[in-house]
1. Consider residue 127 against the criteria (1) modelled with pLDDT of 95 or more; (2) touching a helix residue (DSSP H, G or I) at 6+ places or on another chain (Cβ under 9 Å): it satisfies all of them except one. Which criterion is unmet?
2. Could you look through the range 75-119, keep only residues that are touching a His at 6+ places or on another chain (Cβ under 9 Å) and hydrophobic (A, V, I, L, M, F, W, C), and pick out the one that is surrounded by the fewest Cβ atoms within 10 Å (Cβ to Cβ)?
3. Exactly one of these conditions fails for residue 38: (1) in contact with a Phe, Trp or Tyr (Cβ under 7 Å, 6 or more places away or on another chain); (2) crowded, with 19+ Cβ neighbours inside 10 Å. Give me its number.
4. Restricting to the range 14-72, count the residues that are of a type in the set (Val, Ile, Thr) and in a helix (DSSP H, G or I).
5. Give the range 59-74 a look and list any residue that's among the hydrophobic types (A, V, I, L, M, F, W, C) and either modelled with pLDDT under 95 or crowded, with 23+ Cβ neighbours inside 10 Å (or both), or say none.
6. Kindly indicate whether residue 67 is out of contact with any strand residue (DSSP E or B) (no Cβ under 8 Å at 6 or more places or on another chain), without any contact (Cβ under 8 Å) to a residue 12 or more places away in the chain and either under 23 Å from residue 114 (Cα atoms) or not aliphatic (A, V, I, L, M) (or both).
7. Identify all residues within the range 73-109 that are under 14 Å from the mean Cα position of the chain (by Cα), without any contact (Cβ under 8 Å) to a residue 60 or more places away in the chain and in a helix (DSSP H, G or I); write none if there are none.
8. Residues in the range 47-57: is at least one charged (D, E, K, R) and either under 23 Å from residue 114 (Cα atoms) or free of Cβ contacts under 8 Å to residues at least 24 places away in the same chain (or both)?
Amino acid sequence: MVASNSAYKESIITLFHLISMVDGKLSEKEEKLRSLIMMHENITDKEFQESVHKLSSYSNQEIYELGVNKLKKCDPESQIRALAWLRNLANAGGFMGQGEWKIIYQIYKNELNLNLKDIISHELPQISLL
């Protein structure tokens with residue numbers, strides 16, 4: 001199922017940007033994953049670039065709050081799917097850094113009260129092969 005809800009798409013773009021910039025750069029594997037997410041979620045390059053451009057004037061805290069608020073408007077299945085994408089992103093380099101884990105944990109546990117097992121079950125198993 002491909003979610004077409006605008007809050008869902010905006011939350012993915014916003015939180016992707018936040019997670020991918022934790023270490024200050026977007027790796028080649030993260031770029032490949034971005035393309036995969038955009039394809040699966042029907043996000044155009046124009047939508048992605050326009051959203052990221054708007055975020056450039058926001059602080060990380062503002063980006064976090066914006067992304068979480070958008071995600072809270074989504075149904076639980078979409079929330080789980082979005083968090084699975086974010087975990088895949090955080091693991092794209094082979095391991096999840098502390099900053100990435102902290103953000104993801106805050107979102108799934110503290111903000112959305114989701115079960116980690118549900119999120120992991122939606123992850124792409126071969127993400128490290130990107």
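1. (1)
2. Only one residue tops the list, namely 84.
3. (2)
4. So the answer is 6.
5. The one that is among the hydrophobic types (A, V, I, L, M, F, W, C) and either modelled with pLDDT under 95 or crowded, with 23+ Cβ neighbours inside 10 Å (or both): 71.
6. no
7. 79, 80, 83, 84, 87, 88, 91, 101, 102, 105, 106, 108
8. yes
The values are calculated or read from the model by the stated rules, or taken from the named source; none is laboratory data. This one's a predicted model, so the numbers in the text were calculated from it and none came from an experiment. Positions of Cβ are backbone-derived with ideal geometry, glycine not excepted, and every protein chain shown enters the neighbour counts.
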